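Colleague: Okay, here's the structure, questions in a sec.
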Amino acid sequence: MSESSFDTKVVHHKLDQQQVPNSKSTPIYQTSAFTFKDLDHLESYYEGDSPYLYTRERNPNTDELSGTVAQLEEAPAGVATSSGMSAILAGILSVAKPGDHIIAAEDLYGGTHKLITKELSTFGIDVTMVSFAELEEVEEAVQENTRLLYTESISNPFLRVEDLAGLVKLAKEKGLKTMVDNTFATPYLLQPYTSGIDLVVHSGTKYIGGHSDVTCGVLVGDQMLVQEATSKVVTLGANLSPFEAWLTQRGAKTLGLRMKQQSTNAEQVAKALKKHAGVRTVYYPEYVSDRGHGAIVTIELDEKVNVETFFQSLGWIKIAPTLAGVETTISYPVRTSHRALSEKEKENIGINDYVIRLSIGIEDSEDIINQLTLAIEA
Ligand SMILES: *Cc1c(COP(=O)(O)O)cnc(C)c1O
């Protein structure tokens with residue numbers, strides 16, 4: 001570098017590559033591309049011996065995250081994406097082509113509902129939405145061009161736990177693929193791939209990240225399908241940024257601890273609210289897994305509770321149109337996640353002005369119960 005002028009030196013000075021330390025935490029590979037020392041090295045990328053060329057295609061941070069989630073789900077492959085939505089789209093497109101048909105559960109997350117009902121037709125994919133509570137209804141909806149069954153392991157907001165074994169059996173009989181959104185359960189509670197589900201998707205924005213500071217998605221499952229989905233992610237530019245992958249990976253380290261505490265807290269909250277006269281119905285799964293039953297509690301307030309006053313009296317429990325952070329938050333499906341649904345659709349799945357979804361955090365369970373009780377009684 002001794003011959004170089006100021007302007008060259010300032011661009012090219014770098015830490016001596018021999019001196020790069022073994023850092024305890026994975027560095028953030030905040031780079032759009034990777035360099036090659038010679039043409040043999042470049043060639044080794046195309047021969048598959050050197051994995052990284054261009055971050056939109058592949059990056060160590062996104063690989064670390066998708067690898068972690070795949071391992072937790074006991075699936076052979078995974079890909080990290082820019083959001084839960086893009087992971088869902090890539091997963092569906094890896095199975096369904098123009099002219100194909102898919103069957104989806106009618107009680108899906110609002111965004112997924114919109115994707116499936118409003119966008120898939122532009123890809124030439126037909127959809128039928130039915131209740132997955134009765135698998136006969138799913139079976140009746142199967143057509144000659146049906147390729148995929150799509151549902152959520154724990155539904156939103158009423159927390160219906162899917163019969164994954166039944167679904168896999170039906171799909172095998174009919175020669176269909178299955179895809180499950182496992183966001184609410186997380187692999188700590190359920191591992192749908194181990195039950196025979198082909199593709200498992202997560203909004204990493206929720207429990208995997210766990211700290212409400214990142215938007216991301218992860219799709220894991222069957223090797224060939226994930227490879228196909230990865231190709232879509234790369235070409236459509238739905239890749240996750242290295243920093244967001246790093247943040248999500250950092251959050252994921254405490255997934256087990258958080259889910260344990262949050263599920264235990266949720267169970268306590270559900271139990272306490274069931275006894276309260278201001279609460280008409282408490283929706284909380286009877287059983288999800290031996291490790292717990294999830295951290296979302298949905299309630300339908302009694303008509304004598306003033307909903308406006310309730311929302312004004314929540315103290316440190318914030319109204320937030322999301323879930324799964326370490327803080328307890330509350331959401332109002334009729335005004336947020338399910339806003340886009342027609343009155344008829346809302347009525348069909350039971351969403352009304354008194355339905356409230358609680359995402360239980362890691363705080364002290366007594367404090368959460370006290371704060372909610374104060375708001376109900378306000
Ligand atoms: C949030 C969420 C999504 C969408 O994920 P984004 O990361 O917001 O794109 C999909 N499914 C479920 C169950 C969710 O909760």
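Colleague: Look at Leu257 and say whether it is more than 16 Å from the ligand (Cβ to nearest atom) and surrounded by 16 or more Cβ atoms within 10 Å (Cβ to Cβ).
Modeller: Numbers: more than 16 Å from the ligand (Cβ to nearest atom): yes; surrounded by 16 or more Cβ atoms within 10 Å (Cβ to Cβ): no.
Considered against the rule, which asks whether it is more than 16 Å from the ligand (Cβ to nearest atom) and surrounded by 16 or more Cβ atoms within 10 Å (Cβ to Cβ), Leu257 comes out as no.
Colleague: Within region 332-349, is there a residue that is touching a residue at least 40 places away in the same chain (Cβ under 8 Å), surrounded by 15 or more Cβ atoms within 10 Å (Cβ to Cβ), touching a Leu at 6+ places or on another chain (Cβ under 7 Å) and within 18 Å of Val282 (Cα to Cα)?
Modeller: No, because not a single residue in region 332-349 is touching a residue at least 40 places away in the same chain (Cβ under 8 Å), surrounded by 15 or more Cβ atoms within 10 Å (Cβ to Cβ), touching a Leu at 6+ places or on another chain (Cβ under 7 Å) and within 18 Å of Val282 (Cα to Cα).
Colleague: Here's a follow-up. From the list Asp107, Asp49, which one is in the same structural domain as Ser241 (by TED's automatic domain parsing), among the charged types (D, E, K, R) and farther than 30 Å from Ser342 by Cα? Can you show your working first?
Modeller: Details: Asp107 fails: farther than 30 Å from Ser342 by Cα.
Among Asp107, Asp49, only Asp49 is in the same structural domain as Ser241 (by TED's automatic domain parsing), among the charged types (D, E, K, R) and farther than 30 Å from Ser342 by Cα.
Colleague: Quick check on region 249-265. Is at least one of its residues on the phi > 0 side of the Ramachandran plot and among the hydrophobic types (A, V, I, L, M, F, W, C)?
Modeller: If we filter region 249-265 for residues that are on the phi > 0 side of the Ramachandran plot, which is where we start, we get none.
No, there is no match, as no residue in region 249-265 is on the phi > 0 side of the Ramachandran plot and among the hydrophobic types (A, V, I, L, M, F, W, C).
Colleague: Just to be sure I understand, how many residues within region 174-214 are under 10 Å from the mean Cα position of the chain (by Cα), part of a loop (DSSP other than H, G, I, E, B) and not basic (Lys, Arg)?
Modeller: Residues flagged as under 10 Å from the mean Cα position of the chain (by Cα), part of a loop (DSSP other than H, G, I, E, B) and not basic (Lys, Arg) within region 174-214 amount to 9.
Colleague: Would you please list the contacts, defined by Cβ atoms under 7 Å and residues six or more apart or on different chains, that run from a residue in region 196-207 that is in the same structural domain as Leu89 (by TED's automatic domain parsing) to a residue that is more than 12 Å from the ligand (Cβ to nearest atom) and aromatic (Phe, Trp, Tyr)?
Modeller: Val200/Tyr193
Colleague: If you go through region 206-243 one residue at a time, how many are crowded, with 24+ Cβ neighbours inside 10 Å and of a type in the set (Phe, Trp, Tyr)?
Modeller: Result for region 206-243: 1.
Colleague: Please report, ordered by residue number, the strands (runs of 3 or more DSSP E) entirely within region 69-143 with at least 1 residues that are aliphatic (A, V, I, L, M) and within 14 Å of the ligand (Cβ to nearest atom). Spell out the reasoning first.
Modeller: Values: elements: 77-81, 101-105, 126-130.
In region 69-143, the matching strands (runs of 3 or more DSSP E) lie at 77-81, 101-105.
Colleague: Here's something else I'd like to know. Counting only residues that are surrounded by 10 or more Cβ atoms within 10 Å (Cβ to Cβ) and either over 31 Å from the mean Cα position of the chain (by Cα) or not in a loop (DSSP other than H, G, I, E, B) (or both), how many does region 30-39 have?
Modeller: 2
The values are calculated or read from the model by the stated rules, or taken from the named source; none is laboratory data. No experiment lies behind these values; they were computed from the predicted model shown. Glycine also receives a Cβ, built like all others from the backbone with ideal geometry; neighbour counts cover every protein chain displayed.
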